Amino acid sequence: MKKMVPALAATAVLALGLSACGSSSGGSTNSASVDTSSLPALVAAAKKESGTITVYSQMPAASQTALDKAFTEKYGIKVNAVSLQGNTIYTRFESEARAGGSPADVLIDTDPTANFAEEQEGLLIGWSKSGVPPLLPDFPSQYVLKDYDVPLLQTIDTGFIYNTDKISKSELPTTWAELAAPKYKGLLCTTLPDTSIDNAVFFQVMLDKSGAGTLKGIGANIGTTYSDVLAENAGVGAGECGLGFNSASFFVQPMVANGQHVAFAPMPSTYYPPTVAAVNAKAQDPNSARLYLEYIESEEGNVVLNAPGSGSLGPYSPASDFPSPYAETPPSQYTTASANINTLMGDLGQNG
């Protein structure tokens, strides 16, 4: 199982202590050739580049493929998408960038604290310094994560995934405390707090709402753990466990369509994990990278990801589609969760 990389966590926490106003984009080595004066100018500049960009992404493959297909059809620029889950996306990009340059032109990931740390180090370019915001004057300002200088690309209403052969809808819990009951012994599965900052925040929210006793009771009932949510979903579908945490209808719908005996249900508390995007400060194709960012954050491109009924939500989704109002997770919550990873792991019985 992947463990949360201490250096990454520490870097993110340190960066959050700095002022966003003092952040540095680092600038692209090709910045002199970047033209974001208008969208037609950016398109023309991108057309002069290699014709292919590389994207490191944590999005599900089907979503990434649909987005890239639409972008290529519109602009004729191909996308080489590399799927990297958990902390691998950060450790790989950072090691490559520090060694002289990463092939990734764009990062799509789920940890704005890591993004901000990489902006501070000059590895990524913040949204406000990318040149893209003036090209999207109608982008809803409430979906710019101002503490991290990144735009929201997508979020999901997290919930349970359950195997309908093992658990019936009537048996689903309505409180976290119910999951500490003996009847769930061995049926629960999850990704753990040390696999990503999102998971750490999820369990920290659970701890804050329900207390350490509930967390320990749930931990005693966990039969299987996974390195990421995609592996967890597959495990529930295969019957390795009955009920998994922190999934989403976004993931479950295709599994149901493929005939797997799974279903989605809301959890007792909602956490909206953000998916965000940023441009490599030394992108090999800096204009194409910015054009891609402009497209995926435009209403035209974003609806490819977040169409009504898809199970995902984005900046242009009606407010009524959100079960509760979207709110940016503050740096303090990430900092607390990151600092408490060992405690959370201990409460879940997963230390040692």
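The number of residues in region 311-325 that are modelled with pLDDT under 75 and among the hydroxyl-bearing types (Ser, Thr, Tyr) comes to 1.
Confirm whether Thr195 is under 26 Å from the mean Cα position of the chain (by Cα), closer than 23 Å to Thr113 by Cα, modelled with pLDDT of 95 or more and outside the structural domain of Pro112 (by TED's automatic domain parsing).
In short, no.
Look through Lys47, Lys3 and report the one residue that is of a type in the set (Lys, Arg) and at pLDDT 80 or above. It would help to see each step written out before you state the result.
Numbers: Lys3 fails: at pLDDT 80 or above.
Of the residues listed, the single one that is of a type in the set (Lys, Arg) and at pLDDT 80 or above is Lys47.
Note on region 64-123: among residues that are in contact (Cβ under 8 Å) with a residue 60 or more places away in the chain, under 17 Å from Ile296 (Cα atoms) and of a type in the set (Gly, Ala, Ser), the one that is surrounded by the most Cβ atoms within 10 Å (Cβ to Cβ) is Ala104. The set of residues in region 91-114 being more than 12 Å from Asn280 (Cα to Cα) and of a type in the set (Ser, Thr, Tyr) consists of Thr91, Ser95, Thr110, Thr113.
Give me the residue from region 327-336 that is assigned to a loop (DSSP other than H, G, I, E, B) and surrounded by fewer than 17 Cβ atoms within 10 Å (Cβ to Cβ) and, out of that set, modelled with the lowest pLDDT. Even if it seems obvious, please write down each step before you answer.
Within region 327-336, the first condition is being assigned to a loop (DSSP other than H, G, I, E, B), and the residues that meet it are 327-330.
Add one more test, that the residue is surrounded by fewer than 17 Cβ atoms within 10 Å (Cβ to Cβ), and what stays is 327, 330.
Values: Ala327: 77, Pro330: 84.
This residue is Ala327.
The values are calculated or read from the model by the stated rules, or taken from the named source; none is laboratory data. What you see is a predicted model, and the numbers here were worked out from it, not measured in a lab. Please note: Cβ atoms are built from the backbone with ideal geometry, for glycine as well, and neighbour counts cover all protein chains shown.
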